[in-house]
1. Can you tell me the relative contact order of region 52-146? Whole percent, Cα pairs under 8 Å, sequence separation 6 or more.
2. Once you put a point 7 Å from the Cα of residue 375 and another 7 Å from the Cα of residue 11, both along the Cβ direction, what distance in nm separates them?
3. How do 117, 374 line up, fewest other C-beta atoms within 10 Å first?
4. Please order 142, 174 by the number of other Cβ within 10 Å, starting at the fewest.
5. Just grab the label-to-label distance for residue 19 and residue 32, each label 7 Å out from Cα along the Cβ direction, in nm (one decimal).
6. Sort 94, 55 so that the residue with the fewest other Cβ atoms within 10 Å of its own Cβ comes first and the one with the most comes last.
7. Along Cα→Cβ, 7 Å out, is where each label goes; now give me the distance between the ones at residue 221 and residue 67 in nm to one decimal.
8. Give the distance, in whole Å, between the Cα centre of region 336-385 and the Cα centre of region 23-46.
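We did not get these values from a lab; they are worked out from the coordinates using the rules stated. Not measured: the values here are computed from a predicted model. Note that each Cβ is placed from the backbone with ideal geometry, even for glycine, and that neighbours are counted across all protein chains shown.
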Ligand code: PMP
Ligand code: GLN
């Protein structure tokens, strides 16, 4: 029978609605609220990069580029990987440029997950993982991260792994919590996967936003994990251009071959002039990535100090451009209702954290994005201070 929400009588994702980011950004726009919900900067892309995009577009770089990305960009990504992590990756056989990290994640999952394969994800989990696994026919095993640090629980992980486990998805720095994984976590993953067919998909889109002097622990730097890993990055985050949708995946040659088989039929390739502009920018502004952690740490600290006199409690985010706030004691509402109230009545939009869980724990957390002008952050904090002194 036809159903309003299910016109063909069947849905491959019956429980899936519109992503929280779209929902909250629309609510923010409808109510003219300051939008600290969906993660994107409200400041411009570097001028040098915009100029390059213009230049390469006018130069005529507008036709299909090579399926796995233009050589110039893949070479620059290889150089950047050496610069940042001291690792040598082969641009020809190990790097594939994708239309955002979202595409890379979807492709990696579909390249390796077969019907009834199990994939472990850690909750709260970025919302793109679970549906992609299920569309591939896989079964998602949701493991909660342990508060208050949102760390991986070794016993739980060991207990969840079995013959059917095909992949583990990790995300560090972590959206939405801002937690970062340690060298010990990587060692744990290596020991859990050793001698198995388990692959690791490492979502590292916030790799250049790690605070308080801690370095980013890329999977690429772990020799055992590197051999079984897809490492996913996004230029959207690093050059303040989330709408450009260019990312990439680094994986050993055998995994890259499988990845490209799927990639060529998902998007085939990625917007040509943007690839040229990014390659040129990487070559001439290698310092850009290096200053991002400091840049965002200042914004995190500004937001935290502006919220100091409110009833929210928090522990400073260790990475990403997100800060969690605990509103226990300020309201009994569940987080989904609380963010609606904040957006509609206080004029500040945020993301409820419960939506990233299969089984939300008893906690009252919301996520704020601090990739915003200082004035935007100050005004948002002032609104929260007035209501929750
Ligand atoms: N993974 C995580 C954890 C993210 O926060 C995002 C950002 N939106 C993505 C993947 C997707 O990145 P992109 O916009 O490059 O597709
Ligand atoms: N990753 C962004 C966030 O966490 C949003 C991405 C999206 O809107 N799909 O806010």
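1. On the way: 90 pairs, mean separation 19.2, N = 95.
Averaging sequence separation for qualifying contacts and normalising by length gives 20 percent for region 52-146.
2. 4.3 nm
3. Values: 117 19, 374 14.
The most exposed by this proxy come first: 374, 117.
4. Details: 142 18, 174 24.
Taking fewest neighbouring Cβ atoms as first place, the list is 142, 174.
5. Going from the residue 19 label point to the residue 32 one covers 2.9 nm.
6. Details: 94 23, 55 14.
Ranked by crowding around the Cβ, least crowded first: 55, 94.
7. Each label point lies 7 Å from its Cα, and together they span 3.5 nm.
8. Here the answer is 11 Å between Cα centres.
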